[in-house]
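Below is one structure, written out as structure tokens; comments come after it.
The values are calculated or read from the model by the stated rules, or taken from the named source; none is laboratory data. These numbers come from a predicted model, not from an experiment. Glycine gets a Cβ as well: all are built from the backbone with ideal geometry, and neighbour counts include every protein chain shown. Calculation scope for accessible area: heavy atoms of the full protein, side chains included, ligands and nucleic acids excluded. Shrake-Rupley method; radii C 1.70, N 1.55, O 1.52, S 1.80 Å.
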Amino acid sequence: MSTTKATKRLTERLTLTLFMVSYSSTHKVSSTSFEDKPEFPGSRSQYVHKLEFLHPEILQGIPVYRVMNRNGKIIESDQDPQLTKDTVLKMYKDMTLLNTMDRVLYESQRQGRISFYMTNYGEEGTHIGSASALDPRDLIFGQYREAGVLMWRGFTLDQFMNQCYGNHLDFGKGRQMPVHYGSKKLNFVTISSPLATQMPQAAGAAYAFKVQKKGLCVVCYFGEGAASEGDAHAAFNFAAVLDCPIIFFCRNNGYAISTPTKDQYKGDGIAARGPGYGMITVRVDGNDVFAVHNATKHARDICVSQNRPVLIEAMTYRIGHHSTSDDSSVYRSVDEVSYWDKQDNPITRLRHYMENQGYWDDEMEKEWKVESRKMVMKAFAAAEPRKKPNPEYLFTDVYDKVPPHLQEQLKEMKKHVQQYKEHYPLEQHEKMS
Ligand SMILES: Cc1ncc(C[n+]2csc(CCOP(=O)(O)OP(=O)(O)O)c2C)c(N)n1
Ligand SMILES: [Mg+2]
């Protein structure tokens with residue numbers, strides 16, 4: 001380097017140092033040396049003097065918290081949630097009842113008796129483990145594959161069946177597809193079909209809870225696929241920035257319809273995104289109902305006591321087809337499904353635990369299978385012949401008073417179905433006015 005160049009460099013450095021000294025004295029920089037601690041708004045980092053990129057591949061995967069092994073043995077005794085025998089039995093009965101209900105409703109769609117259905121096979125542990133750790137007043141926003149959460153809260157088989165049949169006892173008055181449940185009484189907001197709709201709504205509800213100092217939390221369930229929607233980002237960021245008491249509960253079941261997780265994201269699942277939003281985060285074995293219970297209980301405590309969002313990623317597997325509109329044999333192997341069904345199934349694991357504890361045996365299993373199927377068939381048989389809702393409900397419940405243009409359409413509809421009544425099964429519906 002020439003002398004002139006070196007002098008120029010030195011002068012530049014001195015000028016910079018002088019500027020920094022004067023800046024730090026006027027801006028009250030706390031650090032002794034300005035260079036030690038950057039003061040950029042919006043970051044908490046230190047300076048480094050070697051160029052280093054963050055390589056996600058070298059970071060270890062976020063661990064999966066688990067309490068029980070596959071044989072139903074508690075691994076670390078201090079992690080045992082110490083649930084009563086009655087609670088454990090309710091967990092098992094709800095998980096298996098859900099299974100039986102799924103089988104009957106899936107078949108009924110295949111027979112053309114209902115229009116659509118989605119099963120919950122393989123994910124029962126995420127539903128029951130989380131629902132059992134909440135206060136029943138906590139407000140739930142579901143995606144669509146969380147029927148077990150409602151079942152735990154007391155949604156009856158009749159109510160499930162009435163909704164799937166869209167009969168006149170359905171709370172939605174037959175205006176939604178099957179599995180779009182909702183219950184004001186059970187604090188479960190009605191399901192919306194477009195993915196991630198519930199997420200910003202849930203963040204908003206949690207903010208309201210915070211403002212009202214409710215001492216409750218909101219729980220927002222979503223699939224790992226839905227986490228790719230823009231609305232998921234808005235929800236995470238609002239909840240974190242506004243310090244809202246919400247549990248974001250991701251069911252990572254390996255697929256978004258036919259798209260496997262390897263084609264959905266490059267990072268370490270959904271949990272890896274939590275710290276990016278400044279959210280307390282945990283990854284849990286979703287097939288271990290006790291691990292899910294512990295994680296949710298703890299997350300709830302954090303939400304309610306600190307007004308902070310928590311992200312839970314429950315790792316599980318969707319054993320069933322995505323829905324009755326899907327045939328998963330086209331995009332995944334029978335062996336893969338069979339592994340999760342037979343080797344790592346949340347129901348089998350809990351059953352092992354119950355047998356180890358002396359709570360359950362083959363005889364009880366046989367009796368429960370017969371009894372639970374009877375219960376499901378009874379509700380099924382009662383819901384099917386019930387009248388369908390009054391067709392006029394197509395026009396109600398959106399506006400407080402039906403506006404003139406909709407009244408006009410209502411009139412036209414009535415005239416039309418009268419004129420072509422041989423094409424409309426009006427006798428199956430409640431009478432129009
Ligand atoms: C905005 C939007 N895009 C696409 C769909 C169609 N769709 C319905 S479910 C689904 C997959 C969602 O996967 P995931 O969130 O992982 O939930 P999972 O079905 O696995 O429980 C898609 C793409 C939709 N309902 N809404
Ligand atoms: Mg999924």
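Yes/no matrix, rows are residues, columns are (1) more than 24 Å from Met279 (Cα to Cα); (2) within 16 Å of ligand 2 (Cβ to nearest atom):
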{"position": "Arg175", "(1), (2)": "yes, no"}
{"position": "Lys184", "(1), (2)": "yes, no"}
{"position": "Thr190", "(1), (2)": "yes, no"}
{"position": "Ala206", "(1), (2)": "no, no"}
{"position": "Phe222", "(1), (2)": "no, yes"}
{"position": "Gly225", "(1), (2)": "no, yes"}
{"position": "Ser228", "(1), (2)": "no, yes"}
{"position": "Ala232", "(1), (2)": "no, yes"}
{"position": "Ile247", "(1), (2)": "no, no"}
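Quick one: which residue in Asn294, Asn287 is under 29 Å from Leu350 (Cα atoms), among the polar types (S, T, N, Q) and outside any helix (DSSP H, G or I)?
Values: Asn294 fails: outside any helix (DSSP H, G or I).
Result of the check over Asn294, Asn287: Asn287.
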Can you tell me which residue in segment 311-358 is surrounded by the most Cβ atoms within 10 Å (Cβ to Cβ), limited to those that are among the aromatic types (Phe, Trp, Tyr) and within 27 Å of Lys297 (Cβ to Cβ)? Tyr353
Checked segment 291-317 for anything touching a Lys or Arg at 6+ places or on another chain (Cβ under 8 Å) and either acidic (Asp, Glu) or over 16 Å from Val218 (Cα atoms) (or both); matches are Ala291, Glu313, Ala314, Met315, Thr316
Cβ-Cβ distance below 6 Å, separation of 6 or more or different chains: which pairs start in segment 47-59 with a residue that is free of Cβ contacts under 8 Å to residues at least 24 places away in the same chain and end on one that is assigned to a loop (DSSP other than H, G, I, E, B)? Tyr47/Pro38
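Anything in segment 168-190 that is open to solvent by 40 Å² or more (accessible area, probe 1.4 Å) and either of a type in the set (S, T, N, Q) or assigned to a loop (DSSP other than H, G, I, E, B) (or both)? List them, or say none. It would help to see each step written out before you state the result.
Going through segment 168-190, the residues open to solvent by 40 Å² or more (accessible area, probe 1.4 Å) turn out to be 168-169, 171, 173, 175-177, 184-185, 187, 189-190.
Answer for segment 168-190, where residues must be open to solvent by 40 Å² or more (accessible area, probe 1.4 Å) and either of a type in the set (S, T, N, Q) or assigned to a loop (DSSP other than H, G, I, E, B) (or both): His168, Leu169, Phe171, Lys173, Arg175, Gln176, Met177, Lys184, Lys185, Asn187, Thr190.
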Matching residues in segment 374-395 - criterion: being free of Cβ contacts under 8 Å to residues at least 24 places away in the same chain and either closer than 30 Å to Leu410 by Cβ or open to solvent by less than 70 Å² (accessible area, probe 1.4 Å) (or both): Ala381, Pro385, Phe395
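Scan segment 301-310 for residues that are open to solvent by 10 Å² or more (accessible area, probe 1.4 Å) and under 15 Å from the mean Cα position of the chain (by Cα) and report the count. Talk me through it step by step, then tell me what you get.
Quick first cut of segment 301-310, residues open to solvent by 10 Å² or more (accessible area, probe 1.4 Å) only: 301-302, 304-308.
With the extra rule that they be under 15 Å from the mean Cα position of the chain (by Cα), the set shrinks to none.
Matching residues across segment 301-310 total 0.
Taking the stated definitions as given, is Ala202 assigned by TED's automatic domain parsing to the domain that holds Thr119, within 16 Å of ligand 2 (Cβ to nearest atom) and closer than 22 Å to Leu150 by Cα?
No.
Out of Ala232, Ala196, which single residue is in contact (Cβ under 8 Å) with a residue 12 or more places away in the chain, on the phi > 0 side of the Ramachandran plot and within 11 Å of ligand 1 (Cβ to nearest atom)?
Numbers: Ala232 fails: on the phi > 0 side of the Ramachandran plot.
After applying the criteria, what remains is Ala196.
Counting only residues that are in a loop (DSSP other than H, G, I, E, B) and open to solvent by 60 Å² or more (accessible area, probe 1.4 Å), which one in segment 199-229 is nearest to ligand 1 (Cβ to nearest atom)?
Applying the filter and picking the extreme gives Glu229.
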Hey, can you tell me all the residues within segment 238-282 that are part of a helix (DSSP H, G or I), within 16 Å of ligand 1 (Cβ to nearest atom) and either open to solvent by 50 Å² or more (accessible area, probe 1.4 Å) or not assigned by TED's automatic domain parsing to the domain that holds Glu313 (or both)? Lys262, Asp263, Arg273
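Is it true that some residue in segment 160-179 is among the basic types (Lys, Arg), under 17 Å from the mean Cα position of the chain (by Cα) and farther than 15 Å from Val376 by Cα?
no
Please tell me if Arg153 is within 23 Å of Thr126 (Cβ to Cβ) and within 16 Å of ligand 1 (Cβ to nearest atom).
Values: within 23 Å of Thr126 (Cβ to Cβ): yes; within 16 Å of ligand 1 (Cβ to nearest atom): no.
No: the conditions fail for Arg153.
So if I check each of Glu371, Glu365, which one is in a helix (DSSP H, G or I), over 30 Å from Lys415 (Cα atoms), open to solvent by 90 Å² or more (accessible area, probe 1.4 Å) and not assigned by TED's automatic domain parsing to the domain that holds Gln409? Outline the logic, then answer.
Details: Glu365 fails: open to solvent by 90 Å² or more (accessible area, probe 1.4 Å).
Just a single option satisfies the conditions, and that option is Glu371.
Within segment 72-82, work out how many residues are outside any helix (DSSP H, G or I) and touching a residue at least 40 places away in the same chain (Cβ under 8 Å). Give the derivation first.
Here is the first cut: in segment 72-82, the residues outside any helix (DSSP H, G or I) are 72-76, 80-82.
Narrowing further to those that are touching a residue at least 40 places away in the same chain (Cβ under 8 Å): 72-74, 80-81.
Of the residues in that region, 5 qualify.
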